[in-house]
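The values are calculated or read from the model by the stated rules, or taken from the named source; none is laboratory data. Every value quoted in this text rests on a predicted model; they were computed, and no experiment measured them. Counting neighbours? That spans all protein chains shown, and the Cβs are built from the backbone with ideal geometry, glycine included.
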Amino acid sequence: MKNILILGCTGSVGESTLKVIEENRDSFRLIGMSFHSNSARAIEIIEEHAPDFVYTNIEDSKTAIKDMSKTSFEILSGSNDLEKLLTIDNVDIIISAISGFAGIEATILAAKTGKRILLANKESIVVAGDLLIPLAKEHKTQIIPIDSEHNAIHQCLLSCTDSNDISDIVITASGGPFLNHSLDELSTVSIKQALAHPNWSMGSKISIDSATLVNKCLELIEAKYLFNLDESKFSLIVRPQSIIHSIVTFKDGSSISQMSNPDMRVPIANALSFDRKVPFKFKPLDFSGMRLDFLPFPDDRIFLEEMARTVCSDGGLLGTIFNAANEVAVASFLKEEIKFSDIYSVIERTFDTKSMSNNIDLESIYEMDKETRIQAKKVIESLP
């Protein structure tokens, strides 16, 4: 029996993890969870899974779960309690699924525990990869990505013992709901259209990132750190069907791909496995009627890829700047303050390649994140 702690339990990744647990109750138990403001759903999860520890920093959320009388659990809150939650002896696996920059502190603390981390919070790597990866190595913490593309790469590389044997790694993109739209056409799209991903069911932030293709650029940066390879080893390819999630080509000319239907339970189940495959009821691929299309990354969005590659090559605080500018732009779009196409302008005009430092720590990251968000808001105010 493996005890699981889910950070961000009421989000889409948390929900997918719970579904895998529910089909494998003889193998996994939810021992702890954190959530933000969705107290109604948190209460349902607590009643269903009876965790020992529940963490939230929101006063209204704490009040809501305090009123529960049928289930016994310890309520945790604040930085000290977060560290306590992550270092509980009985925790075997930590799911890092808090969305955005907010998940960085928890992921950094988790890297010090020596436990297995299933990482969905790509921002932790994008912003703090220079801190997180060395910490994980120092404490012998295993990090397994559970977004579909990086988990696919992880699976494809299991048989590779020498990174010098790798010729190329394809990070695939669905293209989102606006695959065939030009930048000019994107100026009039609605929030509803942007959230309507053709293949995946995800939270609002990552759905917008997928629609802009920024998500793929964040994944490029993440891949560089996770697999300790130069960014030149990775290429971005659009495959609209979301069936092939990665392709690794080796220097002997052979290529290995990972395929599955678009279902977050697939990478989660893979990452949860230790000595056996974790089963669940899934929709099998229909190879007889399958169509697979491959398209280049859109020319009019290449500037995004170029910024991501600059982050990879130059490092420093550029990842923090790129991420913060995007988060501010996406939040503004979701509030109907800017047009969809303005997201690109905010990122491009906020991105400053001169803001680099070789001395990266959490304090400098938080300070740069704050400064960048202020600058991004100024850019938004200046938009026509």
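Say whether the condition of being over 30 Å from Glu23 (Cα atoms), crowded, with 17+ Cβ neighbours inside 10 Å and either at pLDDT 90 or above or small (Gly, Ala, Ser) (or both) is met by at least one residue in region 288-299.
Looking through region 288-299, at least one residue is over 30 Å from Glu23 (Cα atoms), crowded, with 17+ Cβ neighbours inside 10 Å and either at pLDDT 90 or above or small (Gly, Ala, Ser) (or both).
Inside region 305-327, can you point out the residues that are crowded, with 24+ Cβ neighbours inside 10 Å and either farther than 19 Å from Leu229 by Cβ or among the aliphatic types (A, V, I, L, M) (or both)?
Scanning region 305-327 gives Ala308, Val311, Leu317, Leu318, Thr320, Ile321, Phe322, Asn323, Ala324, Ala325, Asn326.
Going through Ala325, Ala331 one at a time, which residue ends up being of a type in the set (Gly, Ala, Ser), modelled with pLDDT of 95 or more and in contact with a helix residue (DSSP H, G or I) (Cβ under 7 Å, 6 or more places away or on another chain)?
Matching residue, one of Ala325, Ala331: Ala325.
Could you please tell me which pairs satisfy a Cβ distance under 8 Å, a separation of 6+ or placement on different chains, a first residue in region 282-304 that is more than 24 Å from Leu236 (Cα to Cα), and a second residue that is assigned to a helix (DSSP H, G or I)?
Phe282/Arg265; Phe282/Val266
Regarding Val266, is this residue aliphatic (A, V, I, L, M), in contact with a Ser or Thr (Cβ under 6 Å, 6 or more places away or on another chain) and closer than 17 Å to Ala152 by Cβ?
On the way: aliphatic (A, V, I, L, M): yes; in contact with a Ser or Thr (Cβ under 6 Å, 6 or more places away or on another chain): yes; closer than 17 Å to Ala152 by Cβ: yes.
Against the criterion (aliphatic (A, V, I, L, M), in contact with a Ser or Thr (Cβ under 6 Å, 6 or more places away or on another chain) and closer than 17 Å to Ala152 by Cβ), Val266 qualifies.
State all residues of region 77-123 that are within 18 Å of His36 (Cβ to Cβ), touching a Ser or Thr at 6+ places or on another chain (Cβ under 8 Å) and either of a type in the set (S, T, N, Q) or assigned to a strand (DSSP E or B) (or both); if no residue qualifies, say none.
The answer is Ser77, Ile94, Ile95, Ser96, Thr107, Asn121.
Whether any residue in region 17-36 is hydroxyl-bearing (Ser, Thr, Tyr), out of contact with any His (no Cβ under 7 Å at 6 or more places or on another chain) and free of Cβ contacts under 8 Å to residues at least 40 places away in the same chain is what I want to check.
no
Condition (residue is in contact (Cβ under 8 Å) with a residue 40 or more places away in the chain, surrounded by fewer than 19 Cβ atoms within 10 Å (Cβ to Cβ), assigned to a helix (DSSP H, G or I) and not assigned by TED's automatic domain parsing to the domain that holds Leu109) applied to region 240-257: is it met by at least one residue?
No - not one qualifying residue is present in region 240-257.
Search region 183-199 for residues being in contact with a helix residue (DSSP H, G or I) (Cβ under 7 Å, 6 or more places away or on another chain) and at pLDDT below 90, and hand back the single one that is surrounded by the most Cβ atoms within 10 Å (Cβ to Cβ).
Per the criteria, the residue is His197.
When the residues of region 264-318 are narrowed to those that are of a type in the set (Val, Ile, Thr) and not in a loop (DSSP other than H, G, I, E, B), which ends up nearest to Ile144 (Cα to Cα)?
Only one residue tops the list, namely Ile268.
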